[in-house]
Amino acid sequence: MRVRAMVIAVALLIIIVCIVWAKMNYISVRFADEIALRYHYGDTQIDAAITDDSEVSELKRILNGISFRDNLSCGFSMDVSITFSDGNKSITLCPAAGDTCPFLRVNDSDRYIRISNKQRQQLANILEKYGMVLPC
């Protein structure tokens, strides 16, 4: 009986640690009420705000995820970025500009989130409306 109780306790502890880890590393942009785009690439200089409610909702839906630490070599730059803000807090996500890499860098850090190919295409479709072309 004692062994069984210990196995259950260890299993519960592992589950709790996994949940806490996921919560600590989960990137959510749902808090934002403003979304700003920056696309300074080559001769194109775009600074725009997304105001269409359906596009804001779509971006909030697709650009959330568990972040991870890495040193990816995809072409990330703060000059090709999407900033989510509520006036007090902000998160900037940088899609890989030069290729179809499914990762977005979080702020100017070594943390990234992964989106699916479908989500990347949805992102590209929204950004195209504002003159941003991915991959550039």
Q: For Tyr41, state whether it is under 17 Å from the mean Cα position of the chain (by Cα) and either among the hydroxyl-bearing types (Ser, Thr, Tyr) or at pLDDT below 75 (or both).
A: no
Q | Filtered residue count, segment 81-99, keeping only those that are under 16 Å from Ile62 (Cα atoms) and either free of Cβ contacts under 8 Å to residues at least 24 places away in the same chain or outside any strand (DSSP E or B) (or both) | A | 3
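Going by the conditions given, is Leu93 crowded, with 16+ Cβ neighbours inside 10 Å, of a type outside the set (D, E, K, R) and under 23 Å from Gly42 (Cα atoms)? If you could, list the steps in order and put the result at the bottom.
Numbers: crowded, with 16+ Cβ neighbours inside 10 Å: yes; of a type outside the set (D, E, K, R): yes; under 23 Å from Gly42 (Cα atoms): yes.
Considered against the rule, which asks whether it is crowded, with 16+ Cβ neighbours inside 10 Å, of a type outside the set (D, E, K, R) and under 23 Å from Gly42 (Cα atoms), Leu93 comes out as yes.
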(Q) On the basis of being surrounded by 14 or more Cβ atoms within 10 Å (Cβ to Cβ) and free of Cβ contacts under 8 Å to residues at least 24 places away in the same chain, does Pro102 make the cut? (A) yes
Q | Filtered residue count, segment 73-83, keeping only those that are closer than 15 Å to Asp47 by Cβ and either surrounded by fewer than 16 Cβ atoms within 10 Å (Cβ to Cβ) or of a type in the set (Phe, Trp, Tyr) (or both) | A | 2
Q: Among the residues of segment 111-132, write down those that are in contact (Cβ under 8 Å) with a residue 40 or more places away in the chain and either assigned to a strand (DSSP E or B) or of a type in the set (A, V, I, L, M, F, W, C) (or both).
A: Arg111, Tyr112, Ile113, Arg114, Ile115, Leu123, Ile126, Leu127, Met132
Q.
Would you confirm, using the coordinates I've provided, whether Asp108 is under 13 Å from the mean Cα position of the chain (by Cα), modelled with pLDDT under 90 and not in a strand (DSSP E or B)?
A. yes
**Q.** Test result for Arg111, closer than 17 Å to Tyr26 by Cβ, crowded, with 21+ Cβ neighbours inside 10 Å and among the basic types (Lys, Arg)
**A.** no
Q) When the residues of segment 1-38 are filtered to those that are modelled with pLDDT of 75 or more and assigned to a loop (DSSP other than H, G, I, E, B), which remaining residue is surrounded by the most Cβ atoms within 10 Å (Cβ to Cβ)? A) Val29
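The values are calculated or read from the model by the stated rules, or taken from the named source; none is laboratory data. Computed from a prediction, not measured in an experiment: that's the story for all the values here. Please note: Cβ atoms are built from the backbone with ideal geometry, for glycine as well, and neighbour counts cover all protein chains shown.
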